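Following: one structure in structure tokens, then a few remarks.
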């Protein structure tokens, strides 16, 4: 039995939308997991990734997903037969205190995953040490940058027309990454993000652990709305549950003076060159961007501290 066959069987028998974890737990209880041809250490992660990608990218998929959080999967032929949101009990959140047992650079892989699947964005890590100049100080370079090509979803004639009349068909992103966000580092982290990311169409402050203190969240929201900075919370244990906490304000115009200053960095210059090449060719050369890991590899590989 394949993972997708297992998922189809469980959803059909339960006759209701289920999360990937729910599907796996039911499959184990019924012994279906023993029929899988898999030796992976985290088969539940593989199951979740396969269903998600199949439902998202395969127009002939038998699966579909709800808009709820967490996402639940159902069979398309169930859509008219069951209430997709009836009697759905939210999964209990994990209340134990999260431990910071990872380096900041480990978050780059998780952000690349989230950006690719949820923002259709290709990212590139900016190595600060590759700059030719350092007189501008540390608050110059974003940690990661990204590009979304609208033309990927457009017919060729529409893309050619857009280019011919000079309408920009790309969106540039800038990301500042922190392991955690709380009152003790909020202002420094936030204004570092503002300093490094004001050049882009959309700018984000990203962290794996964000304080849920009410006063902190109110201040974070106030700062974000004032400066148009978005906030993303990465889930290191379940990457598909990473979440956009506060959306960024989209800016139509780019700050080319700042872009020119950022071009002191070799990685950033390479990023600009890649976008120009992709834009002209109409094809995205994804090898020039950060590698998007498979889900099972993403959650089982850890950077040593």
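The values are calculated or read from the model by the stated rules, or taken from the named source; none is laboratory data. Keep in mind the model is a prediction, meaning the values are calculated, not measured. Here Cβ is always computed from backbone atoms with ideal geometry, including for glycine, and neighbour counts include all displayed protein chains.
Exactly one residue out of 234, 295, 244 is in contact with a helix residue (DSSP H, G or I) (Cβ under 6 Å, 6 or more places away or on another chain), surrounded by 14 or more Cβ atoms within 10 Å (Cβ to Cβ), assigned by TED's automatic domain parsing to the domain that holds residue 179 and under 23 Å from residue 191 (Cβ atoms): that is 234. The residues of segment 57-94 that are surrounded by 13 or more Cβ atoms within 10 Å (Cβ to Cβ) and modelled with pLDDT under 85, listed by number, are 65, 66, 68, 70, 71, 72, 78, 82, 84, 88, 91. Within segment 8-26, being part of a helix (DSSP H, G or I) and within 14 Å of residue 44 (Cα to Cα) holds for 10, 20, 21, 22, 23, 24, 25, 26. As for segment 190-209, it holds at least one residue that is surrounded by fewer than 21 Cβ atoms within 10 Å (Cβ to Cβ), under 20 Å from the mean Cα position of the chain (by Cα), in a loop (DSSP other than H, G, I, E, B) and modelled with pLDDT of 90 or more. Quick one: is residue 266 closer than 25 Å to residue 110 by Cβ and surrounded by fewer than 18 Cβ atoms within 10 Å (Cβ to Cβ)? Yes: the conditions hold for residue 266. If you go through segment 269-292 and keep only what is loosely packed, with under 14 Cβ neighbours inside 10 Å and farther than 30 Å from residue 43 by Cβ, you end up with 273, 276, 277, 280, 281, 283, 285.
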